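Trainee: What follows is a structure written as structure tokens; I'll ask about it next.
The values are calculated or read from the model by the stated rules, or taken from the named source; none is laboratory data. Since this is a predicted model, take the numbers as computed values, not measurements. Positions of Cβ are backbone-derived with ideal geometry, glycine not excepted, and every protein chain shown enters the neighbour counts. Heads up: the accessible areas ignore ligands, DNA and RNA and are worked out on the full protein's heavy atoms, side chains in. Shrake-Rupley method; radii C 1.70, N 1.55, O 1.52, S 1.80 Å.
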Amino acid sequence: MSRVLSGIQPSGDIHLGNYLGALRAWVDNQRDHEAFYCIVDLHALSGGFDPSMLAQRTVEAARSLLAIGLDPELCTLFAQSHVGEHPRLAWLLECTATMGELRRMTQFKDKGGESESVRVGLFTYPVLQAADILLYDAEQVPVGEDQRQHLELTRNLAHRFNHRYGETFVVPEPVVPTLAARVMDLQEPTRKMSKSSSSALGTISVLDPPEEIERKIRKAVTDTEASVRYDPAAKPGVSNLLELLGSATGADPATLAGQYSRYGDLKRDVAEALAEMLRPVRERHSDLAKDPELVMRVLASGAARARAVAGPVLGRAMSAVGLLPAP
Ligand code: AQP
């Protein structure tokens, strides 16, 4: 079985963009791949975070991932900070990466990269992400479109390291969905839906009840034209709604557009389809809340399984760069 790895930050409620862009593929992949999924809590330190909430958010992210359909019998789910190999490999890769290539990362620029007070961790975050992936010899990484550039960096670092120090890492491929690879904010449809930078009305959480989904979709920004067309450049709001409906129902967004003449009808169907798609997630989430210790047990056994794979790969990399083996 080929191996996949992917991660998510515990930086807020898991939203529809995370779900359609990446997490739905996580669930599918666990059946026919050896799957490692990581809650990247160390990455969360690179942005504004609340220390009193971080542990709770990590547990909550794990519970939501189980509710979405991850099965700890089929995949390895763990917290990044529980596997010390991640920051250790990140250092070796920081000594492989260049300032120039990290400066080109658009997420760094978007999140305030020009400011003198920006955290160094925000700058080096894509290198830690490369370590997350390379530690598991992952062949595939399911991600949304926004992560494609970081994946390209990971591939470049793996190639460079292998070329400089000898064959050490598997070079991974990104797997980006064809639909809803970039779910847009419902209030600002030219920006991606995001945990930390979207307004409450612009984001749909995977745990939102049907009436909340209906309210947010009803208020979603469209445009002043009255025709339903799939044209992401000219009509980003309407096209986003059509993509959401398409990815919830399996239909093609351009074909769906032909079935509607009014925005109100489209919005009603989008809200219904999303509520139906997320219903089992909400139900499983409330079942999981009845056993608060379950998540901790899953994360403990996940960390042990992750360390068993990551340890030898880190050892390979340390030996490749010529470090003295530990006594
Ligand atoms: N809007 C989106 N559309 C499609 N995919 C998305 N992803 C995120 N937003 C969208 C994908 O979700 C996975 C987990 O993302 P993450 O939490 O690790 O980081 P992120 O990309 O930075 O997500 P957010 O929600 O925007 O978080 P914050 O606000 O904390 O930065 C990734 O595979 C990502 O591609």
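Trainee: I want the local charge near T106. Using Cβ-Cβ distances under 15 Å, sum +1 for each Lys or Arg and -1 for each Asp or Glu among the other residues. Show your work: numbers first, answer last.
Mentor: Working: positive: R103, R104, K109, K111, R148, R182, R191, K192; negative: E101, D110, E114, E145, D146, E152.
Net charge around T106: +2.
Trainee: With +1 assigned to the C-beta of every Lys and Arg and -1 to the C-beta of every Asp and Glu, and no other charges, what is the dipole magnitude of the chain about the Cα centre in debye, to the nearest 20?
Mentor: Working: 36 positive and 42 negative charges, 99 e Å.
Its charge dipole is roughly 480 debye.
Trainee: Further question on the same structure: Calculate, for the chain, the solvent-accessible area per residue in square angstrom, rolling a 1.4 angstrom probe over the heavy atoms of the protein chains.
Mentor: On a per-residue basis, 46 Å².
Trainee: So how far, in whole Å, is the C-alpha centre of the stretch 62-78 from the one of the stretch 236-282?
Mentor: 27 Å
Trainee: Taking the Cα atoms of the chain, report the difference between the largest and smallest coordinate on each principal axis, in whole Å and largest first.
Mentor: 71, 46, 39
Trainee: Still on this model: Rounded to the nearest 20 Debye, what is the dipole magnitude of the stretch 224-276 about its Cα centre when Lys and Arg each give +1 and Asp and Glu each give -1 at the C-beta? Spell out each step's value before the answer.
Mentor: Numbers: 5 positive and 8 negative charges, 34 e Å.
It works out to roughly 160 debye.
Trainee: Report the label-to-label distance for D265 and R31 in nanometres (one decimal), using points 7 Å from each Cα along the Cα→Cβ vector.
Mentor: In this crude label model, D265 to R31 measures out at 3.4 nm.
Trainee: Hey, another quick one. How much length is gained if the chain between A55 and S199 is pulled fully straight, taking 0.36 nm per residue apart and subtracting their Cα-Cα distance, in nm to one decimal?
Mentor: Length gained between A55 and S199: 49.5 nm.
Trainee: So, one more: Nothing charged except the Cβ atoms of Lys and Arg (+1) and of Asp and Glu (-1): what's the magnitude of the dipole of the stretch 1-130 about its Cα centre? Round to the nearest 20 debye.
Mentor: With Lys and Arg at +1 and Asp and Glu at -1, about 200 debye.
Trainee: Counting only other residues whose beta carbon sits under 14 Å from that of N29, what net charge do I get with K and R as +1, D and E as -1?
Mentor: For residues surrounding N29, the net value is -3.
Trainee: Oh, and also: Would you mind checking the tilt of helix 148-165 against the longest principal axis of the Cα atoms of the chain, expressed as 0 to 90 degrees and rounded to 10?
Mentor: 20 degrees
Trainee: Is it possible to state the helix-based mean residue ellipticity at 222 nm for the chain, with each DSSP H run of 4+ residues giving -39500 (n - 2.57), the sum divided by total residues, to the nearest 500 deg cm²/dmol? What is it?
Mentor: -16000 deg cm²/dmol
Trainee: Moving to a separate point now. What pairs in K192/K290; K195/K216; K195/K267; K192/K267; K109/K219; K216/K290 have C-alpha atoms more than 26 Å from each other?
Mentor: On the way: K192/K290 34 Å; K195/K216 16 Å; K195/K267 23 Å; K192/K267 19 Å; K109/K219 30 Å; K216/K290 29 Å.
Pairs exceeding 26 Å: K192/K290; K109/K219; K216/K290.
Trainee: Which of the trypsin sites (Lys or Arg not before Pro) found in the stretch 37-109 are loop residues per DSSP with 16 or fewer other Cβ atoms within 10 Å of their Cβ?
Mentor: Here the trypsin sites (Lys or Arg not before Pro) that fit, given the DSSP loop and packing criteria, are R104.
Trainee: If I model a spin label as a point 7 Å beyond the Cα along the Cα-Cβ vector, how far apart are those points for L294 and R104 in nm?
Mentor: So the label points at L294 and R104 sit 4.6 nm apart.
Trainee: Between the DSSP loop rule and a limit of at most 12 other Cβ atoms within 10 Å, which GluC sites (Glu not before Pro) in the stretch 115-184 are left?
Mentor: E116, E167
Trainee: Then there's this: What nm value, rounded to one decimal, do you get for the distance between E94 and L323 when each label is placed 7 Å out toward the C-beta?
Mentor: 1.3 nm
Trainee: Another question about this same structure. Once the dipole of the chain is set up with Lys and Arg at +1 and Asp and Glu at -1 on Cβ about the Cα centre, which of A97, L128, G48 lies farthest towards its positive end?
Mentor: A97
Trainee: Carbon and sulfur: what percent of the stretch 145-298's accessible surface (1.4 Å probe)? Write down the numbers at each step before the final one.
Mentor: Values: 3920 of 7640 Å².
Accessible surface attributable to carbon and sulfur in the stretch 145-298 totals 51 percent.
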